[in-house]
1. Scan (1) open to solvent by 20 Å² or more (accessible area, probe 1.4 Å); (2) closer than 30 Å to Arg116 by Cα; (3) in a strand (DSSP E or B) for the single condition Leu179 breaks and write down its number.
2. Looking at Arg282, Arg313, which one is among the basic types (Lys, Arg), surrounded by 14 or more Cβ atoms within 10 Å (Cβ to Cβ) and either in contact with a His (Cβ under 8 Å, 6 or more places away or on another chain) or assigned to a strand (DSSP E or B) (or both)?
3. Determine whether segment 207-217 contains at least one residue that is in a loop (DSSP other than H, G, I, E, B) and open to solvent by 60 Å² or more (accessible area, probe 1.4 Å).
4. If I ask for residues that are modelled with pLDDT of 95 or more and open to solvent by 50 Å² or more (accessible area, probe 1.4 Å), which ones from segment 319-328 would you list?
5. Keeping to segment 246-260, report how many residues are open to solvent by 50 Å² or more (accessible area, probe 1.4 Å) and of a type outside the set (Gly, Ala, Ser).
6. Among what's in segment 220-245 and is modelled with pLDDT of 95 or more and open to solvent by 80 Å² or more (accessible area, probe 1.4 Å), pick the residue that is nearest to Val184 (Cα to Cα).
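The values are calculated or read from the model by the stated rules, or taken from the named source; none is laboratory data. Quick caveat, the model's predicted, so the values are computed rather than measured. Heads up, the Cβs are rebuilt from the backbone with ideal geometry, glycines too, and the neighbour counts pull from every protein chain shown. Note: accessible area is taken over every heavy atom of the protein model, side chains too, but ligands, DNA and RNA are not part of it. Shrake-Rupley method; radii C 1.70, N 1.55, O 1.52, S 1.80 Å.
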Amino acid sequence: MKVSLIALLPTLWAAPALAQHAGHNAAPPPAAKPAQTSPKPAADPHAGHDMGAMPKADAPAADPHAGHDMSAMPSQAEGAPPLPDHETAAPPPPADHLADKVYDPAAMDGARALLREEHGGARLSKVMVNLVEYRAGSGADGYHWDGEAWFGGDLNRFVLKSEGEGDRHGVETGEVQALYSRAVGLYTDLQVGVRQDVEPKSRTYATVGFETLLPYWVQASGALFLSNKGDVLGRAEGAIDWRLTQRLVLQPRTELNFAAQDIPETATGSGLSVGELGLRLRYEVRREFAPYVGVSWARRFGRTADYARAQGREVSDTSFVVGVRAWF
């Protein structure tokens, strides 16, 4: 046994060297891939804890009013007072005045009456001349006027209006209106009264109309007229002041006249009878006095134009105007 081991020693000694020389000629064996191992699951931080006492995620939140009796609380529809609105009646004015306990009640009554008069109860008056102008156009030169005067308070007024035109031969059309004006809105007055025409025919009309201030400061008015002959007329007017500077004002102005039937006596046809459009530039020397220049275009329509042609008159006319606007 000892002899065999001694004989194998040279062989065992040469084995590593042979293996090293063999590696120079042969391809090295492929490197062994490390075995893929699944990562160990992280330790549960709640392991060993009792989770039975914790609330579930999908459980509904507890009602803070659970167990409370809500029947005694008033509801908006039943017990709560209604919200105030524009239809709620104003509370009655106080019947007693504390100042009467210190001062003479008769003197305080006079002071309160004066206060009401100076804050809306005063009687005022105004004369307004909207247009007084001379016209030079393609037809005969002429003149035109439009104005009004009123007296009264903020709610009730007596109003006089006058409008007309003519030439060197005299007045062609002229009218005067006497109206009762009543404020029915913040910017609207309702007017009723009578109108008396002096030319071209003397006629009397019952009148109902309005004056209002539209958005963007458009001044508008309209009226219906019923004559003692049964004729029905209508009129609509509008104007706006475009203030270019503190004293220079440009005013577009329009007027439309209508008739419900033909009126041969006044050469008026049914429908839209006469329309006028003007543009005037005025300079306010003072607020109460402003001369102006401008241009005015007028035209007759429908049967009214036919009446004008039969009389040898122009159907349309463009005029240059110069005049003054004043009030006091």
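1. (1) is the only condition that Leu179 fails.
2. Details: Arg313 fails: either in contact with a His (Cβ under 8 Å, 6 or more places away or on another chain) or assigned to a strand (DSSP E or B) (or both).
None of the others qualify; the one that does is Arg282.
3. Of all residues in segment 207-217, those in a loop (DSSP other than H, G, I, E, B) come to none.
Within segment 207-217, not a single residue is in a loop (DSSP other than H, G, I, E, B) and open to solvent by 60 Å² or more (accessible area, probe 1.4 Å).
4. Residues satisfying the conditions are Phe320, Val322, Trp327.
5. Of all residues in segment 246-260, those open to solvent by 50 Å² or more (accessible area, probe 1.4 Å) come to 246-248, 254, 256, 258, 260.
The next check asks that each one be of a type outside the set (Gly, Ala, Ser); those that pass are 246-248, 254, 256, 258.
Count: 6.
6. Going through the qualifying residues, I end up with Leu224.
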